[in-house]
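*Asks:* If you scroll down you'll find the structure; I have some questions about it.
The values are calculated or read from the model by the stated rules, or taken from the named source; none is laboratory data. Keep in mind that this is a model prediction, so the values were computed, not measured. FYI the Cβ positions are ideal-geometry reconstructions off the backbone, even for glycines, and counts take in every protein chain you see. These accessible areas exclude ligands, DNA and RNA; they are computed on the full protein's heavy atoms, side chains included. Shrake-Rupley method; radii C 1.70, N 1.55, O 1.52, S 1.80 Å.
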Amino acid sequence: KLKPAFLVKHKGKEDYEPVSYKQFERDVEALGTALLNIGLKGERIAIIGENRYEWAVLYLSAVNGVGVVVPLDKELPQNEIESLLLRSKAKALIFSSNKREEILSLSQKVPSINYLIDMNLTEDQDNVFSFDKLISKGLEMVSNGNHDFRSIEIDKKALVSLLFTSGTTGQSKAAMLSHENICTNLMAMCSMLYIDEKDTFLSVLPIHHTYECTCGFLCPIYRGCTIAHCEGLRHIVKNLKEAKATIMLGVPLIFEAMYRKLWEQVSKTSGLEKKLKAAVKISNLLQKVGIDMRKKLFSKLHENFGGKIRLFISGAAAIDPSVAKGFRDLGIHFVQGYGLTECS
């Protein structure tokens with residue numbers, strides 16, 4: 001059985017379907033080959049869209065020999081996206097079809113953009129390339145002996161990612177990162193937290209952000225994990241269960257809301273809140289003498305999150321310490337991450 005790199009939900013389907021590492025590698029090479037073929041070697045390639053499998057394929061195709069990836073926030077106003085495209089001198093813009101009209105309009109205002117690629121199109125349309133068609137073309141080229149993409153030597157110190165910060169203190173800054181920057185960060189992270197191929201990440205936060213991109217996408221791939229994309233904030237708990245996720249990255253607002261809702265549900269059953277608080281006190285006392293009963297004592301609460309969650313990681317702002325401690329008291333390891341876009 002092939003190891004799944006991703007769990008995806010196709011349109012109209014209820015269940016997650018696996019995409020193997022073998023297919024992921026094949027698609028990355030195929031797309032990279034096709035991007036080289038259309039003339040994007042050494043160019044800046046902007047990506048704008050939701051968390052999805054195609055985004056991951058495009059990112060790794062771009063950075064592993066084609067050019068420089070420029071991930072953009074799909075929620076930005078049109079004038080800001082235009083500004084970032086102008087500043088980045090992007091030659092290609094890859095997008096989801098729900099941004100199609102906006103992107104077509106923008107592309108007329110940014111002289112550097114020569115290529116448009118739609119992640120949803122199944123056939124090329126006017127001057128817009130289809131993601132699927134590029135993959136098909138790339139697969140054909142590779143099967144005919146084209147190894148241009150695979151044979152490219154990576155310069156670990158060269159610019160591969162141009163990341164725009166949120167701009168909270170003025171105009172957004174463009175952080176310039178290399179393979180070495182990102183890979184050093186990945187290895188350092190994994191020396192502090194144990195993550196392996198048995199883990200499944202639920203990807204909730206926007207993937208264009210360095211926090212999710214580094215920790216929720218590149219790190220799981222580096223460690224051989226599986227990534228399931230969340231369908232939206234309202235579906236977090238449902239998707240945790242469906243994907244049997246073991247790790248989730250989030251921001252304080254998400255974890256604080258989840259923790260509050262958990263206690264609200266507990267309070268609906270007469271006397272349960274009092275019993276749970278007593279169980280937490282007993283559990284904490286037992287831990288002091290080396291006995292950890294949390295998984296057993298709070299198994300029903302763990303089922304609320306799918307029964308497999310072992311680690312929550314909060315970042316982007318300071319978490320309420322009582323929430324972090326609260327999750328740990330219930331047997332879910334909870335840590336805070338801190339980083340800067342400039343440091344990957």
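*Asks:* Quick one: grab the alpha carbon gyration tensor of the stretch 107-159, order the square roots of its eigenvalues as a ≥ b ≥ c, and give me rounded if a/c is under 1.5, else prolate or oblate depending on whether a/b is larger than b/c.
*Replies:* oblate
*Asks:* Rank Tyr338, Cys190, Ile282 by how far each Cα sits towards the positive end of the charge dipole of the chain (+1 on Lys, Arg Cβ; -1 on Asp, Glu Cβ) and give me just the farthest.
*Replies:* Ile282
*Asks:* Taking the simple approach of a point 7 Å from Cα along Cα-to-Cβ for both Asp148 and Ala318, what is their distance in nm?
*Replies:* Label at Asp148, label at Ala318, 5.3 nm between them.
*Asks:* Could you tell me which residue out of Ala34, Val66, Ala257 lies farthest along the dipole of the chain toward its positive end? Charges go on the beta carbon: Lys and Arg +1, Asp and Glu -1, centred on the Cα centre.
*Replies:* Ala257
*Asks:* Which of Cys225, Asn114, Leu86 sits farthest toward the positive end of the charge dipole of the chain, with +1 on the Cβ of Lys and Arg and -1 on the Cβ of Asp and Glu?
*Replies:* Final value for the positive-end residue is Cys225.
*Asks:* Starting from 0 in steps of 5 Å, tell me what percent of the Cα-Cα pairs of the stretch 1-121 lands in each bin.
*Replies:* Values per bin, smallest distances first: 2, 11, 21, 22, 19, 13, 8, 4, 1, 0.
*Asks:* Another question, if that's okay. Once you sort the root eigenvalues of the Cα gyration tensor of the stretch 62-191 as a ≥ b ≥ c, which label holds: rounded (a/c under 1.5), prolate (a/b larger than b/c) or oblate (the other case)?
*Replies:* Oblate.
*Asks:* Right, something else. Would you rank Thr226, Thr122 by solvent-accessible area, highest first, keeping every protein chain in place and using a 1.4 Å probe?
*Replies:* Thr122, Thr226
*Asks:* Using only Cα atoms, figure out Rg for the chain and give it as a multiple of 2.2 N^0.38 Å.
*Replies:* Values: Rg = 21.9 Å, N = 344, 2.2 N^0.38 = 20.2 Å.
Compactness ratio reported: 1.08.
*Asks:* Given a cut-off of 31 Å, name the pairs among Lys41/Lys238; Lys13/Lys137; Lys3/Lys275; Lys11/Lys308; Lys41/Lys244 whose C-alpha atoms lie farther apart than that in the structure shown.
*Replies:* The pairs that break the limit, which is 31 Å between Cα atoms, are Lys41/Lys238; Lys3/Lys275; Lys41/Lys244.
*Asks:* I would also like to ask the following. Any idea how far apart Lys157 and Lys281 come out in nm if each label point goes 7 Å out from Cα toward Cβ?
*Replies:* 6.2 nm
*Asks:* Still on this model: Which FRET efficiency value, to the nearest 0.05, do you get for Lys296 and Gln23 by plugging their Cβ-Cβ distance into 1/(1 + (r/R0)^6) with R0 = 56 Å?
*Replies:* Given R0 = 56 Å and the Cβ-Cβ separation, E is 0.90.
*Asks:* Might you report the magnitude of the Cβ-based charge dipole of the stretch 167-280 about its Cα centre, with Lys and Arg at +1 and Asp and Glu at -1, to the nearest 20 debye?
*Replies:* Approximately 600 debye in magnitude.
*Asks:* Still on this structure, I have one more. What's the FRET efficiency of Glu273 with Tyr194 using the Cβ-Cβ distance as r and R₀ = 45 Å, to the nearest 0.05?
*Replies:* So the FRET efficiency works out to roughly 0.85.
*Asks:* In addition: Starting with the highest mean, order 75-81, 103-109, 42-48 by the number of other Cβ atoms within 10 Å, averaged over the residues of each peptide.
*Replies:* 42-48, 103-109, 75-81
*Asks:* Compute the accessible area per residue over the chain, keeping the other protein chains in place, probe 1.4 Å, unit Å².
*Replies:* Result: 51 Å² of accessible area for each residue.
*Asks:* Another question, then. Determine the percent antiparallel among the DSSP beta bridges restricted to the stretch 158-232, to the nearest 5.
*Replies:* 55 percent
*Asks:* Which of Ala257, Ala243, Ala30 moves the most in a Gaussian network model of the chain with Cα springs under 10 Å?
*Replies:* Its mean-square fluctuation being the largest, the pick is Ala257.
*Asks:* So what does Leu272 come to for accessible area, using a 1.4 Å probe and Å² rounded to 10?
*Replies:* 70 Å²
*Asks:* Heavy-atom accessible area of Glu50 with all protein chains present, probe 1.4 Å, nearest 10 Å²?
*Replies:* Glu50 exposes around 60 Å² with every protein chain in place.
*Asks:* Would you mind telling me the antiparallel percentage of the DSSP bridges in the chain, rounded to 5?
*Replies:* Around 25 percent antiparallel, to the nearest 5.
*Asks:* Same structure, new question: Can you compute the modelled spin-label distance between Asp132 and Asn120, with each label point 7 Å from Cα toward Cβ, in nm?
*Replies:* 1.3 nm
*Asks:* To the nearest 10 square angstrom, what accessible area does Tyr115 show with a 1.4 Å probe?
*Replies:* Ignoring ligands and nucleic acids, Tyr115 comes out at about 40 Å².
*Asks:* In degrees between 0 and 90, to the nearest 10, how far off the longest principal axis of the chain does helix 21-37 point, with axes built from Cα atoms?
*Replies:* So the inclination is approximately 30 degrees.
*Asks:* Is the shape of the stretch 149-252 rounded, prolate or oblate, going by the alpha carbon gyration tensor and its root eigenvalues a ≥ b ≥ c, with a/c under 1.5 for rounded and a/b larger than b/c for prolate?
*Replies:* Details: a/c = 2.11, a/b = 1.29, b/c = 1.63.
Oblate shape, in that a/c is at least 1.5 and b/c is the bigger or equal ratio.
*Asks:* Suppose every Lys and Arg Cβ carries +1 and every Asp and Glu Cβ carries -1, with no other charges. What dipole size does the chain come out with about its Cα centre, to the nearest 20 debye?
*Replies:* In debye, rounded to 20, the chain gives about 1680.
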